[in-house]
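Taking it in order: structure first as structure tokens, then the write-up.
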């Protein structure tokens, strides 16, 4: 009995001031931080910001349209291009203005599409209820669940223990998913088109990717062109390559070929001809279904919560040198609001998008000396700089709202029929090429890549390790990460696909409890970057109970202006 | 009269000892040098030498076979693959053992093919005389003309004034010719094959080239693989890529496609069914035709002389740090001998091959400190090293006879029927890819490339120039070189094609007489590398007459063991 009462008093203590579950603690903090940063977010505007907006625009809208064509088929024409583009633009504009972390790009994600398609099948074939009102209620329920997560500081007791171990895996997973998407797109062309169309699709896809990669190295082309042109080519690499390969199929004999192109609609009205306006009369749903919708609402909440948090975490990893405070709780609350809004409008909701969010940060990255003075990006061997050859250069990201806002506004423009027709000129091969480029970009900055290479380096050429760390352990860690990634990827190919963020989450306690027993502390500090610098707190060791949580979360370490979780 | 006698005595003086035309002067010198170096040429053998042999083997035999298929059609089946491969192997083996400069790779060249085709047309359609005996006599005449050129030190009064100005142009010309060949090969596929075959040919060609380029950067892949594997991949880049893309067309649907492949013969006997053995009964030719053959003999002599000398010059430019003495006169005499031999065997004669000869040197290049100690090639930013960042590293070439001998021996092996069948598996698209790669390799080391880039560099970012040199002048020089190259390339597209080495030769007096009046001495010293280092003699200024030839030729400058022209 005594033990029981002690347990409940300890539980209640969490809700008191300063407790883990103290309502609104994080939200208040986030609101304060947001107020502090908001005005300054509109004072940074330059060429790189515009280039970033253009890049994110393409990497956001084009893949979105492919999900749209799947959705179109698998939701009985309830949703199509218009809905996806509209949602991406609307949620993007809202987040650009009101979010706490404007680096996190939003879009309609693949996992959500799969979830929606399953729900549609249940509604139409199983229970014979209208899909859109059920979806609307699911999203409305999801909204208040988001609010609860925000109010009770969910970020503190879940995501702040996400270390590089999980973030690297998630990042690699996204690379693999994008390479796989590219392969699937080309496989579809192979199956449905004559051989010559397929062979051209290969040229178009590989060409789009390689030209983008080539142009992205333009900063190293010295002495060709001036610095401004080199940087421009590099910053607009993907956009230039996409536009080039949209044009090429119109040349010569290629014009007579059969090219698969993006399927788009050509009017701004709901895809389903039975709908007149973007509004769902959700209150007309039978009341029992209003309650049943809590179940899909909960699944969507879990999916969105983890997806959005992980997107925000990966786009603010150390490599980007983010200085301004984000606001996880605030953004989850805002996400709940846009989710409900999308439900009522009868469009698919958008949330944090991978790998677009970190690619957004990547495209805004530059180098500064002494925090203030902007210097040109190192033109040669950028990676070397990063590893500390010039310790006076530190990476920074232009933390502002323009790039997010501009890409969202451009996407909004593309719901207009004439612009949709332009999008419809894009061959699916260009899309496959863009997928490859995104996979490549995401992979090329993943710290696992170097450690993967180290697996194939003869011992004599391996760099020296800190005391207490052995290459055997580092290799085992790398192999573990790769196997886990492959395992999760295998899951994404099954019907359990929408559950994969949960797998990522399971990695966190595994990392904190199990892996500490296999690898020594020095080894983990070396490979799991977030705790590897001097002066940082030790790993959070989840041994006894709640009290065992040593302050070691992501927010705490970064110091400076970032919110402290206490 | 006095003037006349003075002129003839001055002319005679040239033939006396120490005179420009003193018979056998250069030959004696070359023989001495050859004796000094010959044994040491067989003491250098390592992995890079083998890799170089494999690389040169592919870049020699595959393009040779394409000339063979043209020859086959245009010489009424007098010559085909067997003859070209046989000649390349035989002349290669002879030069590997007996030449003074074993870096100069030999093969059957395009210009000679054009010349032979014209001669065949005259013989068979015009004068109704047998082609092979006329060709045999032409080559026999050519032999003694070669001997005369060698005996009277022709190198001294022609080629030693070839500066980087001409060598760069010739090198660029070869890049353009190879890119053009690749384009023509693909154009032929486009015209003769269905669209799907053409689209695959594009993939095969670009793929072969890009994979070869990618692998050739393997030395910079650190930390992936050990240094040995990285170097191996880099050294065998072209070979690996060629073998890969020979295999790919057998995969999946591609196996059903129509692939253009190299046309080869499958027995070791003369291509023409009327010939039994590789021997021409040249003495049976009517005697008037024996004398008429002097005319084609002279044309062939001019072509071979300039082609071979320029090949030898370009494969021993400063960049390669060649230390051992060559022997231009000796090699011309040897070339005369192999030329006559080929004539009697009834096979096309081989001579110095561009760009294979300099690519041979390139593939043997490594870096040494203090002349002796071998160091690993700089793995990152090799070009930087070259420009003097580490002044203690100097480039060297493994000067030996194994790589030349091995590639020639391998080519000899490929006259055997089963090996010929293997060659016949090569798609023409792979050949086009190899042409592109050779063009790229040749272009990437051409000093004109950087100066071409400088044309597009804004003035503020241009590097500093030595005193007295202005960018205006440098740019004008670069543009002049490019225009001249384009002009000569245009000539190679006309019937005057075989005469193009003459155009290169005309550049020498133009460079020495005309250009000195347009550009200042400092500017020329800066852009025309051969006279740009301290301690080197000034440009040879051909102003008054023979006496005006200041010792400023290529051989003189290199000092050390190399032959002096006095």
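The values are calculated or read from the model by the stated rules, or taken from the named source; none is laboratory data. Everything numeric here is computed off the predicted structure, so don't read it as measured data. Neighbour counts are summed over all protein chains in view; Cβ atoms, including those assigned to glycine, are modelled from backbone coordinates with ideal geometry.
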Problem - So residue A:178, is it away from chain B (no Cβ under 12 Å), in contact (Cβ under 8 Å) with a residue 12 or more places away in the chain, crowded, with 18+ Cβ neighbours inside 10 Å and outside any loop (DSSP other than H, G, I, E, B) - result: yes
Practice task
Identify the residue in segment A:516-541 that is touching a helix residue (DSSP H, G or I) at 6+ places or on another chain (Cβ under 9 Å), at pLDDT below 50 and in a loop (DSSP other than H, G, I, E, B) and, among all such residues, is nearest to residue A:157 (Cα to Cα).
Solution key: A:540
Practice task
Working only within segment A:459-486, note down all residues that are in contact with a helix residue (DSSP H, G or I) (Cβ under 8 Å, 6 or more places away or on another chain), within 14 Å of another protein chain (Cβ to nearest Cβ) and either in contact (Cβ under 8 Å) with a residue 40 or more places away in the chain or not in a helix (DSSP H, G or I) (or both).
Solution key: A:462, A:465, A:474, A:478
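Please give the strands (runs of 3 or more DSSP E) falling wholly within segment A:333-426 in which 1 or more residues are modelled with pLDDT of 85 or more.
Working: elements: A:365-369, A:373-375, A:393-397.
Those strands (runs of 3 or more DSSP E) span A:365-369, A:393-397.
Quick grid of which residues meet (1) under 21 Å from residue B:175 (Cβ atoms); (2) surrounded by fewer than 16 Cβ atoms within 10 Å (Cβ to Cβ):
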residue: B:213; (1), (2): yes, no
residue: B:218; (1), (2): no, no
residue: B:228; (1), (2): no, yes
residue: B:231; (1), (2): no, no
residue: B:236; (1), (2): no, no
residue: B:242; (1), (2): yes, no
residue: B:246; (1), (2): no, no
residue: B:249; (1), (2): no, no
Problem - Hits in segment B:440-458 (condition: more than 14 Å from every other protein chain (Cβ to nearest Cβ) and either more than 27 Å from residue B:178 (Cα to Cα) or part of a helix (DSSP H, G or I) (or both)) - result: B:441, B:442
Exercise for the section: Could you tell me whether any residue of segment B:181-190 is within 11 Å of chain A (Cβ to nearest Cβ) and at pLDDT 80 or above? Expected result: yes
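Of these, B:164, B:168, which one is more than 10 Å from every other protein chain (Cβ to nearest Cβ), at pLDDT below 80 and in contact with a helix residue (DSSP H, G or I) (Cβ under 9 Å, 6 or more places away or on another chain)?
Details: B:168 fails: at pLDDT below 80.
Step by step, each of B:164, B:168 is checked, and only B:164 is more than 10 Å from every other protein chain (Cβ to nearest Cβ), at pLDDT below 80 and in contact with a helix residue (DSSP H, G or I) (Cβ under 9 Å, 6 or more places away or on another chain).
Listed here are the residues, each with its yes/no results for (1) more than 11 Å from chain B (Cβ to nearest Cβ); (2) more than 21 Å from residue A:437 (Cα to Cα); (3) at pLDDT 85 or above.
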{"residue": "A:206", "(1), (2), (3)": "no, no, yes"}
{"residue": "A:209", "(1), (2), (3)": "yes, no, yes"}
{"residue": "A:215", "(1), (2), (3)": "yes, no, yes"}
{"residue": "A:221", "(1), (2), (3)": "no, no, no"}
{"residue": "A:231", "(1), (2), (3)": "yes, no, no"}
{"residue": "A:240", "(1), (2), (3)": "yes, no, yes"}
{"residue": "A:243", "(1), (2), (3)": "yes, no, yes"}
{"residue": "A:250", "(1), (2), (3)": "yes, yes, yes"}
Problem - Residue count for segment A:273-295, restricted to those that are surrounded by 12 or more Cβ atoms within 10 Å (Cβ to Cβ) and under 15 Å from residue A:342 (Cα atoms) - result: 5
